[in-house]
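The values are calculated or read from the model by the stated rules, or taken from the named source; none is laboratory data. Everything quoted here is computed from the prediction, not taken from an experiment. FYI the Cβ positions are ideal-geometry reconstructions off the backbone, even for glycines, and counts take in every protein chain you see. For the accessible areas, the whole protein counts, side chains as well, though only heavy atoms, and no ligand, DNA or RNA atoms are used. Shrake-Rupley method; radii C 1.70, N 1.55, O 1.52, S 1.80 Å.
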Amino acid sequence: MSLPLDGMYVIDLSSLLPGSLCSQILADLGAEVLKIENPNSGDNFRWTPPIVKTMGSYFHIINRNKKGMTLNLKHEKGLEILMKMIPAADVVLDSCIPGTMGELGLCYDDLKKVNPGIICCSLTGFGQDGPYKHRPAHDIDFLSISGIVDLLGERGGPPIVPAVQFAGAGGGLSAALGIISALLRRERTGEGQYVDVAILDSLTPFLSLVMSQYMADGIMPRRGESLVGGGFAFYNIYETADGKYLSLGCLEEKFWKEFCRAVKREDLIEDQYAQSPRREELIDETRSIFLQKTRDEWINLFEKYTICYSPVNSLEEAVRDPQIRHRGLWFSSEHPTDGMIPQQRFPVIYSGDQPRVRCPSPGLGEHTREILSKMGYASGEIDDFYKQGIV
């Protein structure tokens, strides 16, 4: 089996969602990833419920295909051990507060003296500079600052709390893209590089449509009234007769025409982009139409037409959805101590070798002794490291 990043060695000093997702992508693509954690606590996701026997389910789902080691980087000997790993490393990933790596003697300028080809990636909330660089934040904070939360919700109502981690996932994906791009550049130039990834910055692609419109015409999009935010009948969510919901995404004229034909209301075709007050009236009319049948009845009807629509699935319905099941997006795999654990499929399908679960998520410090032994440390010396809290 040959994967794109076979032979690459990644030292992962990060934790939680963004960094763990980034390093799992690299690991899935074939890199050897060593996850280094504090011996006193470890990654907080290890202990976040629900616990599957010994570890949190979310830790399992974003830490497969990695080895795990504990190392106390506040101890001089711990730093010494890490520095011995640097010459063999291709990538070092961290999620430390800006300036911390420099204080430890582990910033890019320090590490490139030992390994000129190394790629160092810092994945933080706001990046390495700017007025917010030291500010703590979580997903909802990044989404709020970016302007996304203000757009979410119904017309005239308050903003809603997003139930999924767009910001953290976006940051992890951006970091993986940045690292892979830097590795490709190194193949061409032989030079390493520092990669500064901010979670806030990673939200810009999600805003590109509405922000491009606002920056072009200066008209502020309002909650529940934008083109793809509930402001038009053709792109909205509707309740059906059985209390379930369907989404309608007939943005293009041809799809809206098909919808109007399906519901026998061809008189509405010309009103697709009508402005207020007709715009709001059309939404109300469409709501009344959808309340005339159950969700399944609408689905059975729409299948005969070329319409952009989907059921609003609960998670229970989503894992049973025939397309999601066919693509194998969610599955379970065997863990040696925790039994069957949930997993997410690598999101890209290749015609060649496909990333898969090669090894389960590691226990806290599971491979510490193995790694130190390979580095040449004697068994008694490793025992002393444990006693001194170095590992």
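Which of the residues that make up the range 17-57 are among the hydroxyl-bearing types (Ser, Thr, Tyr) and open to solvent by 10 Å² or more (accessible area, probe 1.4 Å)? Reasoning before the result, please.
At the first step, the residues of the range 17-57 found to be among the hydroxyl-bearing types (Ser, Thr, Tyr) are 20, 23, 41, 48, 54, 57.
Selection gives Ser41, Thr48, Thr54, Ser57.
A single entry from Leu152, Leu177 fulfils the requirement of being within 30 Å of Gln213 (Cβ to Cβ), free of Cβ contacts under 8 Å to residues at least 12 places away in the same chain, surrounded by 15 or more Cβ atoms within 10 Å (Cβ to Cβ) and of a type outside the set (Phe, Trp, Tyr): Leu177. Working only within the range 214-241, note down all residues that are open to solvent by 70 Å² or more (accessible area, probe 1.4 Å) and not in a strand (DSSP E or B). Selection gives Tyr214, Met215, Ala216, Asp217, Ile219, Met220, Arg222.
Remark: pairs (first residue in the range 37-60, within 19 Å of Leu13 (Cβ to Cβ) and among the polar types (S, T, N, Q); second residue open to solvent by 70 Å² or more (accessible area, probe 1.4 Å) and not in a helix (DSSP H, G or I); Cβ separation under 9 Å; 6+ apart in sequence or on different chains) = Asn38/Lys74.
Inside the range 180-213, residues that are assigned to a loop (DSSP other than H, G, I, E, B) and surrounded by fewer than 17 Cβ atoms within 10 Å (Cβ to Cβ) make up a count of 2.
Take Pro158 and tell me if it is out of contact with any helix residue (DSSP H, G or I) (no Cβ under 8 Å at 6 or more places or on another chain), without any contact (Cβ under 8 Å) to a residue 60 or more places away in the chain, surrounded by fewer than 19 Cβ atoms within 10 Å (Cβ to Cβ) and in a loop (DSSP other than H, G, I, E, B). Yes: the conditions hold for Pro158.
Looking across the range 345-391, just one residue is more than 28 Å from Leu29 (Cβ to Cβ), among the aliphatic types (A, V, I, L, M) and open to solvent by 20 Å² or more (accessible area, probe 1.4 Å), and that is Ala378. Under the condition of being within 17 Å of the chain's Cα centre (by Cα) and closer than 15 Å to Ile97 by Cβ, the residues counted in the range 131-148 number 2.
For the range 140-149, the criterion of being closer than 25 Å to Val391 by Cα, surrounded by 20 or more Cβ atoms within 10 Å (Cβ to Cβ) and of a type outside the set (S, T, N, Q) is met by no residue.
The residue that is least open to solvent (accessible area, probe 1.4 Å), among those in the range 250-271 that are on the phi < 0 side of the Ramachandran plot and not in a helix (DSSP H, G or I), is Cys250. Within the range 323-331, is there a residue that is open to solvent by 50 Å² or more (accessible area, probe 1.4 Å), over 20 Å from the mean Cα position of the chain (by Cα), of a type in the set (S, T, N, Q) and at pLDDT 95 or above? There is at least one residue in the range 323-331 that is open to solvent by 50 Å² or more (accessible area, probe 1.4 Å), over 20 Å from the mean Cα position of the chain (by Cα), of a type in the set (S, T, N, Q) and at pLDDT 95 or above. Of the strands (runs of 3 or more DSSP E) entirely within the range 60-131, those holding at least 1 residues that are open to solvent by 20 Å² or more (accessible area, probe 1.4 Å) occupy 66-70.
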